[in-house]
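Right, one structure below, let's go through it.
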């Protein structure tokens with residue numbers, strides 16, 4: 001092998017090793033950066049799960065407290081009516097005054113009304129005793145008549161017979177002195193009240209909160225959605241939500257790739273204590289992953305900078321190595337020429353030099 005070919009082989013070997021070392025360093029750094037980004041995304045998603053769960057639990061607690069207050073008020077009204085019935089001193093004026101008194105204490109309730117045993121609604125806000133509406137065909141009325149005085153029944157979202165507005169009716173029955181069914185007392189909570197409660201939850205620009213009846217009927221969602229997905233009473237839900245609803249679990253999480261408004265979201269699932277309703281609180285990746293995307297952009301920028309520095313460094317190291325090799329080759333050639341000169345010079349030239357000295 002000639003010196004020239006040896007030099008080229010040495011050059012190629014060094015350049016290859018240099019490139020492999022620099023590439024290995026960049027790959028290791030990139031792998032660590034990607035691992036860190038993956039871990040960061042997992043932490044972000046877990047934080048979102050915790051945040052939505054906390055918000056759902058807080059909202060559920062507020063809704064359950066409303067239910068408890070309304071039920072206590074209905075229970076007190078029923079006790080008062082039954083007591084007066086037992087004394088045979090129950091009058092229209094007393095019933096109306098009692099209903100108005102309790103209504104004034106509950107701003108979340110639009111109206112409290114009471115019916116007779118045949119379902120005629122004769123007392124309460126907006127009632128016309130001369131032309132009474134009837135509860136007789138309502139499911140809750142039939143249930144109370146079958147088991148008078150037994151329990152609170154909360155309806156699906158229904159349109160009020162008096163108010164003509166969407167609302168949820170909290171109902172209890174009251175009994176005659178002999179225990180027989182005497183009628184129903186109903187507290188109407190407008191759907192708008194539940195919507196306002198959901199509107200207080202901070203979920204980002206594309207977040208959403210939804211309340212549904214356990215039969216899947218939509219009560220309300222915030223923000224509102226145009227089209228069938230935003231209609232009160234609609235029952236179209238995702239398969240994941242349906243499975244959670246049917247499973248009986250009190251709380252959980254689920255993810256949908258496309259909600260009725262078109263957004264992908266991660267939801268917390270929460271049953272509402274004391275109510276036949278479930279609450280879902282969701283946040284969109286476009287909101288909660290924004291900081292993570294910023295981190296991705298910064299990381300990619302740093303990796304690109306490292307790659308450019310590596311390329312520049314490789315070039316400079318390669319140039320410096322070539323210069324050193326060229327200098328070493330020049331020195332070797334100079335020494336070789338000198339040795340050749342010394343070995344081939346005439347002997348008397350050395351003597352002459354020595355005599356001159």
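The table below lists the values:
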read-out: Spin-label model distance (nm) - residue 40 vs residue 309, 7 Å beyond Cα toward Cβ; value: 1.7 nm
read-out: Helix-only mean residue ellipticity at 222 nm for the chain, each DSSP H run of n ≥ 4 adding -39500 (n - 2.57), per residue, nearest 500; value: -19000 deg cm²/dmol
read-out: Gain in span if fully extended, residue 250 to residue 231, counting 0.36 nm per residue against the direct Cα distance; value: 4.3 nm
read-out: Sequence-separation-based contact order of segment 90-150, relative, with Cα cut under 8 Å and 6+ spacing, percent; value: 21 percent
read-out: Listed values [x] 30, 24, 20; [y] 91, 16, 14; [z] 46, 20, 19, entry calculated as semi-axes √(5λ) of the Cα gyration tensor in Å; value: [y]
read-out: Average Cα contact separation per residue, the chain, under 8 Å, 6 or more apart, as relative contact order %; value: 17 percent
read-out: In degrees, nearest ten, helix 290-344 long axis to first principal axis of the chain (Cα); value: 10 degrees
read-out: With Cα atoms, 0 to 90° folded angle of helix 3-86 axis to the chain main axis; value: 10 degrees
read-out: Most to least packed among 168-177, 23-32, 74-83 [average Cβ atoms within 10 Å]; value: 168-177, 74-83, 23-32
read-out: FRET efficiency estimate (nearest 0.05) - Cβ-Cβ, residue 97 to residue 72, R0 22 angstrom; value: 0.70
read-out: Mean shadow area of segment 20-99, taken as a quarter of the surface of its Cα convex hull (nm²); value: 7.1 nm²
read-out: Label point distance in nm, residue 125-residue 29, each placed 7 Å from Cα along Cα→Cβ; value: 6.8 nm
read-out: Pairwise FRET efficiency - residue 293 versus residue 20, Cβ, R0 = 45 Å, nearest 0.05; value: 0.85
read-out: Between 0 and 90°, nearest 10: helix 92-104 axis offset from the chain longest Cα axis; value: 20 degrees
read-out: Relative contact order for segment 84-192, counting Cα pairs under 8 Å that sit 6 or more residues apart, in percent; value: 26 percent
read-out: Length gained when the stretch residue 79-residue 239 is fully extended (0.36 nm per residue, less Cα-Cα span); value: 53.2 nm
read-out: Cα-based convex hull volume of segment 84-192 per residue, rounded to whole Å³; value: 97 Å³
read-out: Pairwise FRET efficiency - residue 143 versus residue 178, Cβ, R0 = 30 Å, nearest 0.05; value: 0.90
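We did not get these values from a lab; they are worked out from the coordinates using the rules stated. What you see is a predicted model, and the numbers here were worked out from it, not measured in a lab. A quick note on method: Cβ atoms are made from the backbone with ideal geometry, for glycine too, and the neighbour counts reach across all protein chains shown.
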